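> Could you have a look at this structure, given as structure tokens, before my questions?
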Amino acid sequence: MEYTYHPKVFEELGRYGLCPKPTTQPTLAKAYVNDLYRHELRRLRARLVAREIPKDGYSDRVVEVRKRYGLLSVRVEFWARVKSDA
């Protein structure tokens, strides 16, 4: 099965270093982006625990990370459509 990614979704994926092929399932691309997001949050939390960053302002940093991953709020059904054979 081949997919045609929505241009804006494709552009956003590029910001994460992804360039999905037509055969890449949108669910797989979203899982990868979600893994990156979770990794960033865990790294941020680890820095807080190690006292590399102050507790004051931590929530603002979390919000910044969430904003960078706004694509995750879009339902995967809207990321791409199945290519027709026509």
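Just so it is clear, none of the values below were taken in a lab; they were calculated from the coordinates. The shown structure was predicted, so the numbers you read here are calculated from the model rather than taken from an experiment. Positions of Cβ are generated from backbone atoms using ideal geometry, with glycine treated the same way; all protein chains shown enter the neighbour counts.
> Scan the chain for trypsin sites (Lys or Arg not before Pro) in coil per DSSP, keeping those whose Cβ has at most 10 other Cβ atoms within 10 Å, and list them by number.
Arg51, Lys55, Arg75
> What is the total of Lys pairs in the stretch 5-84 with C-alpha atoms under 20 Å apart, excluding same-chain pairs fewer than 8 positions apart?
Lysine pairs meeting both conditions in the stretch 5-84 amount to 9.
> Test of understanding: what is the full-extension gain from Arg47 to Val65, defined as 0.36 nm times their sequence separation minus their Cα-Cα distance?
Gain in length upon complete extension: 5.1 nm.
> Still on this model: Kirkwood hydrodynamic radius for the chain: how many Å is it when counted over pairs of different Cα atoms?
14.4
> List the residues of the stretch 28-46 whose backbone N lies under 13 Å from a point placed 7 Å from the Cα of Val76 along the Cα-to-Cβ direction.
Answer for the stretch 28-46: 28-35.
> Scanning the chain for GluC sites (Glu not before Pro) in DSSP loops with at most 14 other Cβ atoms within 10 Å, what's the longest stretch left with none?
Here the longest run is 3-51.
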